[in-house]
Structure formats: structure tokens, C-alpha cells
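**Q** Got a structure here, written out as C-alpha cells. Questions coming.
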């Protein structure tokens, strides 16, 4: 009998990984599986075919994998956001640094070189005679600059000057780029920036200086009026021909003061600022003149477009004539006059001549410039002597009873001979001293030169006393000195009587050679010629002419090189042309040109 088999203990069903008891494969909690987000699976109940993988269960590592394209896009976004944040932070730091730097910026005092002014010398009527000083600059208030001249400069250099903040961002960027790349210097700075660069900072080309220039310009624009800035700019900007400032430029180019500039002249000066070292040759170089004229027209067109000048003014404008350049700084004979006047002006003010030259004074002299120039032209007709003999001519004209020196000719060319024959030359007087010798009529001629070789200035002052009926007036060449519009010195003639009234003119009667009227229209009351040396030949010739208006003396003498190098000795005057005739003609012709 076959034994009956018994069933052993049944094993409990085991859970498979990912399944629970009672669930069928693919089921979860008795429900159909769902996609992420709770959606029904698109292929629910479908069996995977050969080679087909089942979908990864939600939440698995495989289900979190993001496509590369998406990841790159997300990374770029994060990088952009970080860069933007860094840029904004950097910008904030820069703005903060600029604000701090602006607050700490102090407007410096003007550079010493920009406050130095030359001293200007004028003739008796205010005509420009010359200057003395290390720079050719003299300040003028903005009130003396015509409005159309101001507008011309603004039109040429910075048309938004009246409304801008003092800084041009575009120009600043160009300048920074040029500094970084080593390119050419960039222009276009505002008038305020140019003024800061010219007057307050050094001219070096560095980024730090440019940044400081911008900060100072910003602060200057907020602390000073536009008129103050424009006045400072016009008094410091360089115009070429050695002229710093509008006043010196007006004189150097047109021989007028700033207040007398025309619309055309003002536009021309404004056009020059852009390239002063090139345009300074205008008037003497045709090519430069033509180039400047085109820029001049551009300035006028801009002024007309903005309403600064009328259409009629624009149509009537004509390109101005310029003084010839380069004029010699010390040529001709005007520097003789400036030498004498500068020495006297310094003495009157109690300062040194160097302090005078740097002080920006205006010295009105006593000289009659037209008569002075006529003297120079007349002396040119005297021919040179032969045999190494040098002819010298000195001419002095003094107003009797006052002492004002109207004419002082001491040489033809200061550059070649700075020695002034009229002031420093001791000329043998000879017979010219005879009328001034002490006479037995009651009083000696006190105050007159007693030497036999007086200077032409001293001898003329003595005869001026005779013309003034015995009143001697010390000669002077400075009439008035002004500084910053204030008169700091006025001349007061130093007069005293040296001859009894009514007897002075009698002293000139016994003159060898005769006392006679001049052979010309409008003659002086008295004219005589005397000299030193005997016979036909003479070493010196003096011609003296005088009346109550003027005492005029013409002295001719000669010298030649001495035995020792650098020395001279007196020489005989040539007989042809006649020095006596020349001296008399010079005196009478000059007399005919008196007022």
C-alpha cells in the first residue's frame, strides 16, 4: 500500500522588490499606475515588446535627468544674472567712488604762470606802444569783451556752454580711448574743461589728470557762474603769436583793444583757438590765411544759425586784415621808449623792473607816437658813412614848462644797438652850450647842464626852460599808471624857476651862426645850429628849435672802433651829405608835423 503523502507547510508568498502582496505586476495598491502629475499612462496595459524597456518609475534618478540643451540654457541664464549683478555692483562702487571723489575735490588756485601778466605801454593818446614781461597777457573784465566776441568763441569751441554741466562725456571717452591706445590727442572738451586744463592743472596727458580735470570742471560749473568761467577762459586761452588771452590777441592780430573788436575780427580770433600755432601766420602765409577764412565762415554761419548775429550782419561780414607776422619783439626803435618808461615807472611805484613787468600794469607814456614814427622815417634818409665810421642821430622833443617828453629817438634798431644815444650818449656840445653859459644879468642858470658833453635829453630840457621863460621842468616820460582799472600813479610836473622872468629868451641871442627863423611853413620861434669841431669838419652838430609848444633838438655825431676791441672813439662827421643841412631839415620837417 502506498503510503499517503501529506502536504507540508505552505510557504507564505514573498514580496518582490517594488511590489506588495496581493498586487499584480504592474499594479500599485490595486490601481493602474499614473504618470507624474496624476495623468493616466498613455500605454497602460501594453506589454513591452522585445527590445522595449518599461517606463522608469516616477521619482527615480533616471526620471530627473534634464536634456543638455535645457541645462545649457539654464546655465547661461544663471551666468548672465551673475554677470549683471557683478556689473551693477561694480557700477555702484564706481558711482560711489565718483561721488566721494567729487566731494573731496578742491578747486585749486590758478597756476602761477597763468596769473602773470605783462605790462603794457601806451602813447600819450592811448595807442599801443609795446609791452614788457615774460608772457604776453593782460586781463580784461568780461564787460569789456563785446557780446558778439563771446558768442563767437562759444560757437567755435562749445556751443552748449550756456547750458551744459561743464563736462562733455563724449569728449571724455575719446580722450580716455586715445590715452589707452596711444592715439592722437582728442579735442572737443568744453570751455570749462579747457579753462581747468589751461589755468588750474598741468598740461600732462594722463588718465588721472583727465579724470581730475572732469571732476574740477563739474565742481567749477556748480560753484561759479558761466560768466566767471568764460572770463577766466578768455583771459588764459592761447591765441598764437605769443598772446595768452583775448586782449593780447586783439593787439597782436589787429592792433586794437578787445572792446574795439568788430564781429569779423572776433570770429577770426575764435577760429584761431583751435590751432593757434598754425593760424598765427594768417596775413603773411596765403595758404594759412585761406584755411582760416574757411573756418571763420563756419563760425559766422554757426552764429547766424543760433541768432547771435543777424542775417544782415552775416552778409556784410568781410574777412579781416591781419597785422603781418612775425613782428620783431625788439626790432625798430620803440623798445628804446619802453626801456626809458619802464625804468621810470618802476621808480615811481617803488618796485623793481621785474616786478613791474610781471604786474599787469598799464603805463600811459608822454610820447607822441606819430611824431616818433616820423622821426624814424626821416632819419632813414641819412646815408651811412664810409671808412668804418658810424653815424649816430639822437632826437629829443620836450614840452616847455611841463617836462613831458614827446619825442625820444635813441637809435634805429634796438636789436642791433640797445644803447640809447638820446638818454645815455654823452655828446660834445661845443657852441651849443654858449647860450646856456652863466650871464651877468643877475642870476646863474641853475639847473642847467654844466658839462661840455651833455646827453641830448639834458640839453633839450635846458633849452625847454629857455622856451618857458626861465621855468625849468624836469623831463618825464610816464604820465599815468593803472592797475586793475585803478590809477596808482599820476604825473605831477616838477617845475622851478631858474631864470628871472622876461630875461630867459635873451640868453639865446648871441649864438654863433645866428638865431633865425626856420625856413618852413609854421616855423618855430627860434632855430639855430651849432656844434663842436673847427672849420669845415665837425665832430658833432646840434640843431635846436623851440617855441612855447615844443623844444626839439637834433644831434648828429660819429664814432669809429678804438684800438681796443669793443671800444669806440669820436670821429669826424662826413661832409657829404651835409650834416648841418640834414639836422636842420630834420628839425623843420618834424616841426611841420606838430599838432
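The values are calculated or read from the model by the stated rules, or taken from the named source; none is laboratory data. Just so you know, these numbers come straight off a predicted model, no measurement behind them. Heads up, the Cβs are rebuilt from the backbone with ideal geometry, glycines too, and the neighbour counts pull from every protein chain shown.
**Q** Answer with yes or no whether residue 248 is surrounded by 16 or more Cβ atoms within 10 Å (Cβ to Cβ), at pLDDT 90 or above, under 27 Å from residue 146 (Cα atoms) and out of contact with any helix residue (DSSP H, G or I) (no Cβ under 8 Å at 6 or more places or on another chain).
**A** yes
**Q** Given the structure, is residue 210 farther than 26 Å from residue 323 by Cα, without any contact (Cβ under 8 Å) to a residue 24 or more places away in the chain, in a helix (DSSP H, G or I) and touching a helix residue (DSSP H, G or I) at 6+ places or on another chain (Cβ under 7 Å)?
**A** No, not satisfied.
**Q** Another question about this same structure. With 197, 259, 281 as the choices, which residue is over 18 Å from residue 160 (Cα atoms) and in a loop (DSSP other than H, G, I, E, B)?
**A** Only one candidate qualifies: 281.
**Q** Going through 135, 115, 100, 120 one at a time, which residue ends up being modelled with pLDDT under 85, in contact with a strand residue (DSSP E or B) (Cβ under 7 Å, 6 or more places away or on another chain) and surrounded by 10 or more Cβ atoms within 10 Å (Cβ to Cβ)?
**A** Step by step, each of 135, 115, 100, 120 is checked, and only 135 is modelled with pLDDT under 85, in contact with a strand residue (DSSP E or B) (Cβ under 7 Å, 6 or more places away or on another chain) and surrounded by 10 or more Cβ atoms within 10 Å (Cβ to Cβ).
**Q** What's the total number of residues in region 232-255 that are within 9 Å of the chain's Cα centre (by Cα), in a helix (DSSP H, G or I) and in contact (Cβ under 8 Å) with a residue 24 or more places away in the chain?
**A** 4
**Q** So, one more: Give me the residue from region 161-218 that is under 20 Å from the mean Cα position of the chain (by Cα) and modelled with pLDDT under 80 and, out of that set, nearest to residue 115 (Cα to Cα).
**A** 200
**Q** Can you tell me which residue in region 490-512 is modelled with the lowest pLDDT, limited to those that are in a loop (DSSP other than H, G, I, E, B) and surrounded by 18 or more Cβ atoms within 10 Å (Cβ to Cβ)?
**A** Filtering region 490-512 for residues that are in a loop (DSSP other than H, G, I, E, B) and surrounded by 18 or more Cβ atoms within 10 Å (Cβ to Cβ), the one modelled with the lowest pLDDT comes out as 511.
**Q** Scan region 341-371 for residues that are touching a residue at least 40 places away in the same chain (Cβ under 8 Å), within 17 Å of residue 475 (Cα to Cα) and part of a helix (DSSP H, G or I) and report the count.
**A** Of the residues in that region, 5 qualify.
**Q** Taking region 275-292 on its own, how many of its residues are farther than 10 Å from residue 240 by Cα and under 18 Å from the mean Cα position of the chain (by Cα)?
**A** Number satisfying all stated conditions: 1.
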